[in-house]
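Asker: First, the structure itself, so that you have it in front of you.
The values are calculated or read from the model by the stated rules, or taken from the named source; none is laboratory data. Keep in mind it's a predicted model, so treat the numbers as computed, not measured. Cβ placement follows ideal geometry from the backbone for every residue including glycine, while neighbour counts extend to all protein chains displayed.
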């Protein structure tokens, strides 16, 4: 009996030691790949480091880039050309990034905040801010918005004036506060990777019913008929799978504008957009970059910024040119154009811009009212129910105050990440497991990647990390699901029948 107990105890001790050794091997194997940056272990540490390192200001768009960036993250201007910000209101300033500073928010002594255009008050009457209330949305003139007493939170106003790295640092702290206490309480998402089902609607059916207590819980993704356990990689794959369907114009949720950006499709049933908004909010909340190339107006709605006729140049250039000519024409009889206060919908039906609009002719006296009505319709009213649901869904995850500290281009950067996969940056922030014993193999790998097309690089990145997108911090910003830095990792293994094809570990970017 005593011998049996001794043998059993010995086996238990050996088993415990074996498990402990395995854990040490796993931790030792992955810890080195977590961060190549001394003293920087999390995305919050990275934001703190970028803030402390200082910034440089882009000459074209006045964006405050971290010192680690050699080119402007918003417009691509080289750092060597950077100069202090100068107001860009000339006709040559045509990019959305260059116009992101056209509107300024300031606070009156009584605590009320107002929007002011850099070119004067005359723009306040012809620009609008989206007002969301009780599941409805309507455009409100900036002049009306400014006339109402609207007190601003002191910290939000102060953060709004900070350079982007400091804004993002504040945002991460706010997100961490929302995540507090939710780390081990998961929401399970079950979905099919392939098949005839609509993955977008499946996503909406899961996210839309979530209660206020559940919307900030971490996700645990399971794909049907697959044994994988989600430690972060499956979640990234799920985001990629849903985004691929969601932003494909063929599925009908978003349509491509003339500027090759996305806007809500007015023909789609509004019932899906609450869940879609929550999906976008969770992507920002979880730090997952998405190929969500929203147009300027939709991004401004998310940021709570004013929009107007000028913004249509980035959405529909031909419509902008026509409306701009109409409102500035001084020596033409507008009535001769036989326009009325109505537009044709995509299905051919007539939509009145004002009550009885199809019977109201456009004249020199009311042409400005016509243009104003057209802008409101094009930017808000055409899909007002869907827009209200979409914005409400985003704000279910991230309160509007958290997004209002950013301008529309900063939001685009946070949501979409970098447009170009930089191979030099990729190589610089890659951890090589096993040392430098296989230098030739590693060199061959990078030579192949350098010869890839942008689409091939994106597919390779997706194969290893679960996502084809690079965060705006570049490859140094790749993380695990809990916000810890986890760089792209290469491990060279001996050639056998079992290792003839590459194998990826998406949970740890290896």
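Asker: Would you be able to say whether some residue in segment 181-196 is surrounded by 11 or more Cβ atoms within 10 Å (Cβ to Cβ), at pLDDT 85 or above and in contact with a helix residue (DSSP H, G or I) (Cβ under 6 Å, 6 or more places away or on another chain)?
Answerer: no
Asker: Just to be sure I understand, how many residues within segment 460-481 are within 20 Å of the chain's Cα centre (by Cα) and either at positive phi or in a helix (DSSP H, G or I) (or both)?
Answerer: Taking segment 460-481 first, the residues within 20 Å of the chain's Cα centre (by Cα) are 461-462, 465-481.
Those left that are additionally either at positive phi or in a helix (DSSP H, G or I) (or both): 461-462, 465-466, 474-477.
So the count comes out to 8.
Asker: Mind checking whether some residue in segment 482-504 is crowded, with 19+ Cβ neighbours inside 10 Å, within 27 Å of the chain's Cα centre (by Cα), over 21 Å from residue 45 (Cβ atoms) and at pLDDT 85 or above?
Answerer: no
Asker: Being in a helix (DSSP H, G or I), over 25 Å from residue 69 (Cβ atoms) and in contact with a helix residue (DSSP H, G or I) (Cβ under 7 Å, 6 or more places away or on another chain) is the filter here, so list the residues in segment 396-440 that pass it.
Answerer: Let us first name the residues in segment 396-440 that are in a helix (DSSP H, G or I), namely 396-397, 400-403, 408-416, 423-428, 439-440.
After this cut, where a residue has to be over 25 Å from residue 69 (Cβ atoms) as well, the list is 396-397, 400-401, 439-440.
Once the filter is applied, which keeps residues that are in a helix (DSSP H, G or I), over 25 Å from residue 69 (Cβ atoms) and in contact with a helix residue (DSSP H, G or I) (Cβ under 7 Å, 6 or more places away or on another chain), segment 396-440 yields 396, 397, 401.
Asker: In this structure, does residue 439 turn out to be out of contact with any strand residue (DSSP E or B) (no Cβ under 6 Å at 6 or more places or on another chain) and at pLDDT 90 or above? Reasoning before the result, please.
Answerer: Details: out of contact with any strand residue (DSSP E or B) (no Cβ under 6 Å at 6 or more places or on another chain): yes; at pLDDT 90 or above: no.
For residue 439, the condition - out of contact with any strand residue (DSSP E or B) (no Cβ under 6 Å at 6 or more places or on another chain) and at pLDDT 90 or above - is not met.
Asker: Hey, another quick one. When you scan segment 253-274, how many residues do you find that are under 18 Å from residue 384 (Cβ atoms) and not in a loop (DSSP other than H, G, I, E, B)?
Answerer: Applying the first criterion (under 18 Å from residue 384 (Cβ atoms)) to segment 253-274 yields 253-255, 257, 262-274.
Narrowing further to those that are not in a loop (DSSP other than H, G, I, E, B): 254-255, 262-264, 270-274.
Total satisfying the criteria: 10.
Asker: I've got another one for you. When only residues in segment 217-252 that are part of a loop (DSSP other than H, G, I, E, B) and more than 21 Å from the chain's Cα centre (by Cα) count, which is modelled with the highest pLDDT? Give the steps one after another, and end with the answer.
Answerer: From segment 217-252, those part of a loop (DSSP other than H, G, I, E, B) are 217-218, 224-232, 247-248, 252; that's our starting set.
Applying the additional criterion that residues be more than 21 Å from the chain's Cα centre (by Cα) yields 224-231.
Numbers: 224: 76, 225: 71, 226: 70, 227: 71, 228: 67, 229: 63, 230: 64, 231: 65.
Only one residue fits best here, namely 224.
Asker: Every residue in segment 482-510 that is in a loop (DSSP other than H, G, I, E, B) and in contact with a strand residue (DSSP E or B) (Cβ under 7 Å, 6 or more places away or on another chain), please. Spell out how you get there, then give the answer.
Answerer: Keep residues of segment 482-510 that are in a loop (DSSP other than H, G, I, E, B), which gives 482-483, 486-487, 492-496, 500-505, 509-510.
Passing the criteria: 483, 486, 487, 509, 510.
Asker: Within segment 433-450, identify whether any single residue is at positive phi, in contact (Cβ under 8 Å) with a residue 24 or more places away in the chain and surrounded by fewer than 20 Cβ atoms within 10 Å (Cβ to Cβ), and answer yes or no.
Answerer: Yes, segment 433-450 contains at least one residue that is at positive phi, in contact (Cβ under 8 Å) with a residue 24 or more places away in the chain and surrounded by fewer than 20 Cβ atoms within 10 Å (Cβ to Cβ).
Asker: Given 139, 165, which one is crowded, with 19+ Cβ neighbours inside 10 Å, in a helix (DSSP H, G or I), modelled with pLDDT of 80 or more and touching a strand residue (DSSP E or B) at 6+ places or on another chain (Cβ under 8 Å)? Spell out the reasoning first.
Answerer: Values: 139 fails: in a helix (DSSP H, G or I).
It is 165.
Asker: Looking at segment 299-327, which of the residues that are without any contact (Cβ under 8 Å) to a residue 40 or more places away in the chain and out of contact with any helix residue (DSSP H, G or I) (no Cβ under 6 Å at 6 or more places or on another chain) is farthest from residue 264 (Cα to Cα)? Let's see the steps before the verdict.
Answerer: So the first thing to find is which residues in segment 299-327 are without any contact (Cβ under 8 Å) to a residue 40 or more places away in the chain, and the list is 320-322, 324-325.
Subset that is out of contact with any helix residue (DSSP H, G or I) (no Cβ under 6 Å at 6 or more places or on another chain): 321-322, 324-325.
Values: 321: 22, 322: 23, 324: 24, 325: 27 Å.
Within segment 299-327, the match that is farthest from residue 264 (Cα to Cα) is 325.
Asker: Now a separate question. Part of a strand (DSSP E or B), touching a strand residue (DSSP E or B) at 6+ places or on another chain (Cβ under 9 Å) and farther than 19 Å from residue 295 by Cα - does that describe any residue in segment 357-371?
Answerer: Filtering segment 357-371 for residues part of a strand (DSSP E or B) gives 361.
Imposing the further condition that a residue be touching a strand residue (DSSP E or B) at 6+ places or on another chain (Cβ under 9 Å) reduces the set to 361.
If we keep only those that are farther than 19 Å from residue 295 by Cα too, we end up with 361.
The answer is yes, given that some residue of segment 357-371 is part of a strand (DSSP E or B), touching a strand residue (DSSP E or B) at 6+ places or on another chain (Cβ under 9 Å) and farther than 19 Å from residue 295 by Cα.
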